[in-house]
Every structure is written in structure tokens, then in C-alpha cells.
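Engineer: Dropping a structure here in C-alpha cells format, bear with me for questions.
The values are calculated or read from the model by the stated rules, or taken from the named source; none is laboratory data. Values in this document were obtained by computation on a predicted structure and should not be read as measured data. Positions of Cβ are generated from backbone atoms using ideal geometry, with glycine treated the same way; all protein chains shown enter the neighbour counts. Accessible surface areas use protein heavy atoms only, side chains included; no ligands, DNA or RNA. Shrake-Rupley method; radii C 1.70, N 1.55, O 1.52, S 1.80 Å.
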Amino acid sequence: MACVLAVRAVMPPPSDMVKVAIEWPGVNAQLIEIDQKKPLASIIREVCDGWSLSSSEQFGLRYADGPQLYITEQNRGDIKNGSILRLAISPMRAARQLLERIQSHGIDARLEALKELAKLSADPSFATEFIHTEGLGTLARLVESGTHFGEMLAFTLTAFLELMDHGIMSWDLISVSFIKQIAAYVNQPMMDVSILQRSLAILESMVLNSHSLYQRVAQETPVTQLITHLQVSNQEIQTYAIALINALFLKTPEDRRQEMASTLAQKHLRGIILNHIIRGNRPVKAEMAHQLYVLQVLTFNLLEERMMTKMDPNDQKQRDIIFELRRIAFDGDSDPSGTEKRKAIYTKDYRMLGFTNPVNPAIDFTQTPPGMLALDNMLYLAKVHQDTYIRIVLENSSREDKHECPFGRSAIELTRMLCDILQVGELPNEGCNDFHPMFFTHERAWEEFFCICIQLLNKTWKEMRATAEDFNKVMTVLREQITRSLAMKPPSLEQLRVKLCSLSYSEVLRLRQSERMSQDDFQSPPIIELHERIQPEILELIKQQRLSRLCEGSCFRKLGNRRRQEKFWFCRLSLNHKVLHYGDLDESPQGEVPFELLTDKILVSDIKAVLTGKDCPHMKEKSALKQNKELLELAFSILYDPDEALNFLATNKYEVSLKNTTKVTVLLERKEFDDTV
């Protein structure tokens, strides 16, 4: 516990006093203590007086490293001991000067001004001042003029998007001519990559943030042109293009989504994604995986209407579909002439088809979910895979009554199960990348998935020698077979079929037994005795391993309003276990990040608590996409003085089990390590 004593030996300075260095070009830095209780304007005035600078109201303080954000009364609590700050012109003055330079006639001066603006626009304080000086209108006019190209246009679009992302100005105020010009960049062949990338991002933001702009963007940007951008070799462009397609899909009115889906199918979107992205020469990155997952969810959500539609037992057109199922299964049987005799024969046939209500099978489809979707699946199987359908029905109708698998009841319950597994009707989850390549290999992937699973159900029923009383037990085993196979991400439906066939009932029992034994073994008296004997040594080993992991550090992704412009930050524990170092990075690191690059610090002794899941501050914020249980399981936060939080979001459950080892440092201080482990 030497590291604990060392941590406690560090006496933190008062929380309202912060020691920093402040730079100004051409002079030595000032080393001062900032009193957080004093107004920021008074501190800036004292700094200016130290260098004999007048008009202190025209100056501000910025961080010298990282994003170099302006310090305000709202964010001054983020200043850490040892931070390096820089005296700079105030946000208002910077905004006015940049606007003047952008409007100058010198091309080089304008280019440099736009380059600086693209960087500064991420700062909320500067953005507010620039927008209040009508800067956004100036940028919009530069774009609308159509006279800027290359780097100048790229910097202009970058600055515009960064400024709009602050939410200060409504997207509804954007002019039609601006939209047309941005759409022209997207529709124009051989457009510069940086300009195309930013144009796609701007259009996506328009669609997601304004219903009226959605209609204009949909009108100005043909889906055909967006699909061509999926056939390029640049995965960043592919990602932005599919993100815009997803945005248009998401905002399309419900009564027109089927129409849009048909249009995408006619343009061979699925095949292009499969050949140019999933099976392309480059691995699918995390953001592309997320966009494919979103498209998968939106596509399956088209089934929601049928899933929630009850069958009308009095609708003859719907009843004819059930009659068609009977006709295909028992086509060789002669149709009796008498009405009563025909009714008796039909009832017998519907009972053989496995309906719960053989007298009026339409009643079986009145429960939602799965509603009419189950009947759609059954009809697809009967027509497209007729031999399989007939074999399943006749095979079960010839068994002893107690061992027959009721096809109708099974198909309805299976449809409900598949809807639940694939979360049909749920919104996409912001933190999920769980797309399945096999669903992009067939135009009727949902129906084919059902057909494969209904055959597995019939096979498992026989293997279990099930009776009607075992129905729920069979469905439980079937769900386990399907979820285990999906977790292996088979690349095609045929590969799924192979994996499901190998996962027989006996194999499921073996896996269950193996998993159970791995748990039960630790409960036997000899194991408990051994565990108690070696526990101190094991706990010390675990402690050292986790501290070592913390010292190595981990990279995390920052999620902003635009996911595809990824930003990263890194966090690691100092070698003496006293300080957490963290800081922003331009790109994901390939190895260990030196402490010198991590400019922000938190004393371990300042850590108050570690929160997980829904208790985390960043999980309480609103999101455009649903934050479900899976996303909450990836989140954790470190609370430290004065009431600040360092928020983490791991990419998957395995990584959160590693990265959440930060909690060990806190537990060490409180002597709770032994009990927790």
C-alpha cells in the first residue's frame, strides 16, 4: 500500500487557488496564482499590467495547448495547476479582425484568415462573437458566389459547419441559394475530396436539424448521385455519403419510407455497399460500421407497420392468404363439394398447419407484435421455398400428436422473437456498431433469415423430442442458438445456416454445462479454502496489473455533433500513481503517448467518486439517437474537485472492463480494494 501512502502524502492546494504560467509573445512568461473567486476581468487586468499593456478589456486568456479554447467565467473551473495559458486578443476583437481580413482583396491574406477562422470556430466564445458580427452571412455569401475553390473553399466550409454546430443560429435561416451551391459540390463529379467531405456533412446537418431543409436537400441531392460516392476508394467519403443517405431515410415521412427503400433497392444500394465497403479492400472502420448499423436498423424498421398491424378476421383478402397457405400445403387433396364437409376439411387442415384456432386461424394473427408480419413470412416460405414448406408441414402432420411441431404457432412466435432480437421498431443507438454483413447479401434478407430459422426450429424440436408442453422450452433453446450464431457475425446467410446447424441441441447443452461448471467449480469447499489462502497474493497481483494498465493509458473517442470528424483524447496514470494525465490528440495513437503531450492533470487525491452507466453526467445529456442499455454499460465518469467530471465512453464491453480499472485507484485510497475484488 506504499502507493496509497504516497498519494495521501500529497496535500492539494486550496481548490480556489490555481498556479499557472501565462505567455505573451516576445516576453518571459508570468508565473501567477489565479484566485478563482476573483472576476476573470480583474485577473486579465493584472496580467496586462504585468506587461504594461493598456485596454485590458480587449484581451482574453486562452489555453496554450490542445484546442486552445478561450477561458470564460463558465469554464474557468477547468483550469488545472500547472496549466500553460496565453494572453490573446479578446473573442470580440478576434472576430472583428478576422472578418475584416476575410473581406480583404488580397487572396493570400484572405486564405490565411479563413484558415485561422476554421480553427477558431470550434471555440464557443469566439463563435458567439463571430456570429453576432454577421460573420456567418459573410461566409454564406462567399459560398453562394461560387468564386472560391480549393483550400479557400474548404476552410470556408469547415468554419461554417463548426459555427453552425454550436447551435447559436438556426439552420432554418439558411438560404436556398446556399443549399443549391452545397448540393452542386456534392453532385459535381471529380470534386476535391476535402470540399466534398464538408459539403456532405453540411447537408447531413441540414437534414437532421430542419424539416424544411430536409425537403430541399432531398430535392437538390438525388440518391443516385449519393450512391456513386459509395463506389470510390476513400472510406471517409463513403462514410459521409451513407450518413447523408441515412439522414434522408430517417427524416422521410413514414408514408414515403417504403417508396424510398424501393428507390434505394432499384439503384442497387445493397450490392454496392456489399462489394465496395463490406467486401472492399480496406477494413470497415468504427464510424462506417455505425452507419451500416443505422442503415440496417432503418431498413428493418420498415417492417414495424406490418408487425403492429392486426389481422381483420372479416377481411376476405387477408383470409385468402391463409387459404393460400393451405392450398400450397395440401394441393393434392380434392376440394369437397358440400359446404359443411368443406368446413370440416379446412378445420382439419388448419389444425395440421399448426394454428391455435383451426376453426378461424385469422384470430392467430390479431396479436401484435408480430401481427401480419408473421403471415407475410409464412407466405414467403410457402411460395419461395415451397418444397421446404411442404416438407415441414407434412412431416409434422404425420407424427404422433404429442410430438408434432405446430408450424403456424411456431412461425408466429419465431417472428415475434426475431423482431425482438433485431429490435424492429427501435431507434438506432448512438454508441452501437453492431451491423451484420449477412443482411447485405440478399434483397430479401429478413425473409430468408426467417426461413433459415424456421427450419432450425423444426430440427431442434425433433432433437429435443418435444411435445406441445415443451413449446416455450424449445423457443428458449432456439433463441440461444440464434443469438450465439449472430454473435459470430457470419458473412453470409449460408454461413449462418452452417453455424446454426452445428449448434445442435446437444451442443447447446454442452456449452451450458461447460459455462455452468466454470462457475460451480469455484463454489466447492476445497476451492473456497484454496481461494482464501492465496487471495492476498492474487489481490496484490491484480492491483499491480491494473495499476500497470492505468500507467499504460488508453485512447478514447470524443463524440461531438458530427461523429465522422473524430477527435481523440488519451488518459494515463503517472508512474508514481499520484496523478492522472490526459489531453486531446489529433488522431488515434499507434503506441504509448508521452506524458509531455498530455497537458491536463487530476490529482488522485482529488478524486471523489467513480460513476457508471446512467449516473454519469454525459449520459444524462440529450442525444438525437436513443441511448439504450448497451450504451449506458459503456460509460463511466471520474468525479473530482471542485464538482467536475472526466467522462469516458468505451467502444465495447470488453474495453470498458479494462478502461474502467481507473476505479481501482479510487478504491485503493479508500481501502475498499479487497472487498470489491
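Engineer: Any residue in region 165-183 that's hydrophobic (A, V, I, L, M, F, W, C): show its pairings with residues that are open to solvent by 30 Å² or more (accessible area, probe 1.4 Å) at Cβ separation under 8 Å, as long as the two are six or more apart or on different chains.
Structural biologist: Listed pairs, sorted by first residue: ILE168/THR128; TRP171/ASN209; VAL176/ARG216; PHE178/GLU144; ILE179/ARG216; ILE179/GLU220; ALA183/GLU220.
Engineer: From the list CYS555, CYS571, which residue is under 28 Å from ASP643 (Cα atoms), surrounded by 17 or more Cβ atoms within 10 Å (Cβ to Cβ) and touching a His at 6+ places or on another chain (Cβ under 8 Å)?
Structural biologist: None of the other options fit; the residue is CYS571.
Engineer: When you scan region 418-447, how many residues do you find that are hydrophobic (A, V, I, L, M, F, W, C), over 21 Å from THR388 (Cα atoms) and either open to solvent by less than 40 Å² (accessible area, probe 1.4 Å) or in a helix (DSSP H, G or I) (or both)?
Structural biologist: Here the count works out to 9.
Engineer: Here's something else I'd like to know. What pairs come out if I take residues in region 219-244 that are in the same structural domain as PRO189 (by the TED database) and pair them with residues that are acidic (Asp, Glu) and in a helix (DSSP H, G or I) whose C-beta lies under 6 Å away, six or more apart or interchain?
Structural biologist: If the second residue must be acidic (Asp, Glu) and in a helix (DSSP H, G or I), the pairs left are THR239/GLU287; ALA243/GLU204; LEU244/GLU204.
Engineer: Show me the helices (runs of 4 or more DSSP H) entirely contained within region 311-412 in which 2 or more residues are of a type outside the set (A, V, I, L, M) and under 23 Å from TRP461 (Cβ atoms).
Structural biologist: It comes to 339-352, 372-384, 386-397.
Engineer: Sort out which residues of region 306-330 are closer than 20 Å to CYS419 by Cα and in contact with a Lys or Arg (Cβ under 9 Å, 6 or more places away or on another chain), and write them in order of number.
Structural biologist: If the condition is that a residue be closer than 20 Å to CYS419 by Cα and in contact with a Lys or Arg (Cβ under 9 Å, 6 or more places away or on another chain), then MET307, MET311 are the ones that fit.
Engineer: May I pose another question? Which residue, of ASN246, ASN234, is of a type outside the set (Asp, Glu) and in contact with a Pro (Cβ under 9 Å, 6 or more places away or on another chain)?
Structural biologist: Going through ASN246, ASN234 in turn, just one is of a type outside the set (Asp, Glu) and in contact with a Pro (Cβ under 9 Å, 6 or more places away or on another chain): ASN246.
Engineer: Let me ask something additional. Kindly establish whether LEU427 is modelled with pLDDT under 95, of a type in the set (A, V, I, L, M), under 30 Å from MET619 (Cα atoms) and under 26 Å from the mean Cα position of the chain (by Cα).
Structural biologist: yes
Engineer: Let me ask something else about it. Can you report the number of residues in region 450-474 which are open to solvent by 10 Å² or more (accessible area, probe 1.4 Å), assigned to a loop (DSSP other than H, G, I, E, B) and not charged (D, E, K, R)?
Structural biologist: Total satisfying the criteria: 1.
Engineer: When the residues of region 266-310 are filtered to those that are part of a loop (DSSP other than H, G, I, E, B) and in contact with a Ser or Thr (Cβ under 9 Å, 6 or more places away or on another chain), which remaining residue is most open to solvent (accessible area, probe 1.4 Å)?
Structural biologist: ASN281
Engineer: Between residues in region 64-86 that are of a type in the set (Lys, Arg) and residues that are assigned to a strand (DSSP E or B) and open to solvent by 30 Å² or more (accessible area, probe 1.4 Å), which pairs lie under 7 Å by C-beta distance while being six or more apart or on different chains?
Structural biologist: Every condition considered, the pairs that remain are LYS80/ASP600; LYS80/LYS601; ARG86/GLU23; ARG86/ARG62.
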